[in-house]
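As structure tokens, the structure follows; a few thoughts come after it.
The values are calculated or read from the model by the stated rules, or taken from the named source; none is laboratory data. Note that the coordinates shown come from a computational prediction; the quantities given were computed from them, not determined experimentally. When we count neighbours, we look across all protein chains shown, and the Cβ atoms used for this are built from the backbone with ideal geometry, even at glycine.
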Amino acid sequence: MVEKRNLIRQMKEYAEEHNVPIMLDDGIDFLTTFILKKHVCHVLEIGTAIGYSAIMMALVDPNVKITSIERDNERYLEAIKNVKAFGLEDRITLIYNDAFNVKLDGQFDLIFIDAAKAQNIKFFEMFERNLVSSGSIITDNLNFHGLVQKNEEEIKSRNVRALVRKIKNYIDYLKNNSQYHTEFFDIGDGISVSTKK
Ligand code: SAM
């Protein structure tokens, strides 16, 4: 138990030191509570980074299995190291590739989208075929550090403005997607839960 806590702390420190964006604590609490409440067993994660959220999800329950995709080699290798340190190799499958090159046959109760924020619609549409009926798709960072709530003129960088516009488009896309019921939560950096109707 103490060892696990130390390993978690070390992962967070690594993320901080190497500027790896990982999910905030209350986002992780939300995700893990969702997994427990809904009896989620199979999770597909887009955006492993160093394996932090995958490991936190797997620690919730021994029945939880995760498949997670990462395109950055250094982060993928760090994730492999972390998954091994927790002895979770049999329950966490890591795929090193761009998610857009990955075709999966499996079905998942939960798809967690936490990768390139401008590509959320594409990820959603590419992987929804891997979602079980009545499964859910969770997306993180819909507030994008509070910038989504700001007026565009207040955002100085053109690139950031473009990204914020894409996140807003994704929010509209979710609201207008009649095949899913989407709830938005002002938790962590803003989370949506889209459940198949
Ligand atoms: N889920 C992780 C956590 O909370 O511990 C954090 C993931 S981080 C916010 C996003 C990651 O997605 C980055 O490591 C990035 O390299 C990866 N990524 C972005 N676009 C991707 C893509 N098209 N395919 C695979 N990975 C991608």
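Here are a few things to note about the model shown:
- Scan of the range 59-85 for residues that are among the aliphatic types (A, V, I, L, M), buried (at least 22 other Cβ atoms within 10 Å of the Cβ) and assigned to a helix (DSSP H, G or I), ordered by number: ALA79, VAL83
- Looking only at the range 105-120, and only at residues there that are away from the ligand (no atom under 13 Å from the Cβ) and not in a strand (DSSP E or B), the one that is surrounded by the most Cβ atoms within 10 Å (Cβ to Cβ): GLN107
- The range 32-58, residues that are of a type in the set (A, V, I, L, M, F, W, C), within 11 Å of the ligand (Cβ to nearest atom) and either part of a loop (DSSP other than H, G, I, E, B) or touching a Ser or Thr at 6+ places or on another chain (Cβ under 7 Å) (or both): ALA49, ILE50, ALA54, MET56, MET57
- Test: LYS150 is over 18 Å from the mean Cα position of the chain (by Cα), farther than 22 Å from THR32 by Cβ and of a type in the set (D, E, K, R): yes
- The residue that is modelled with the lowest pLDDT, among those in the range 151-187 that are loosely packed, with under 11 Cβ neighbours inside 10 Å and small (Gly, Ala, Ser), is SER157.
- For the condition touching a Gly at 6+ places or on another chain (Cβ under 6 Å) and outside any helix (DSSP H, G or I), GLY188 qualifies.
- Residue check, SER134 within 15 Å of PHE34 (Cβ to Cβ) and either of a type outside the set (Val, Ile, Thr) or assigned to a loop (DSSP other than H, G, I, E, B) (or both): yes
- Leading residue by the ranking (nearest to the ligand (Cβ to nearest atom)) among those in the range 5-25 that are touching a helix residue (DSSP H, G or I) at 6+ places or on another chain (Cβ under 6 Å) and in a helix (DSSP H, G or I): MET11
- Meets criteria (within 25 Å of GLU17 (Cα to Cα), free of Cβ contacts under 8 Å to residues at least 24 places away in the same chain, within 12 Å of the ligand (Cβ to nearest atom) and of a type in the set (D, E, K, R)) for ASP140: no
- Subset of the range 59-80 (residues that are of a type outside the set (A, V, I, L, M, F, W, C) and either touching a helix residue (DSSP H, G or I) at 6+ places or on another chain (Cβ under 6 Å) or within 14 Å of the ligand (Cβ to nearest atom) (or both)): THR67, SER68, GLU70, ARG71, ASP72, ASN73, GLU74, ARG75, TYR76, GLU78
- Some residue of the range 88-101 being in a strand (DSSP E or B), free of Cβ contacts under 8 Å to residues at least 40 places away in the same chain, more than 10 Å from the ligand (Cβ to nearest atom) and of a type in the set (Val, Ile, Thr): yes
- Annotation: of all residues in the range 137-164 being polar (S, T, N, Q) and assigned to a loop (DSSP other than H, G, I, E, B), the one that is nearest to GLY47 (Cα to Cα) is ASN141.
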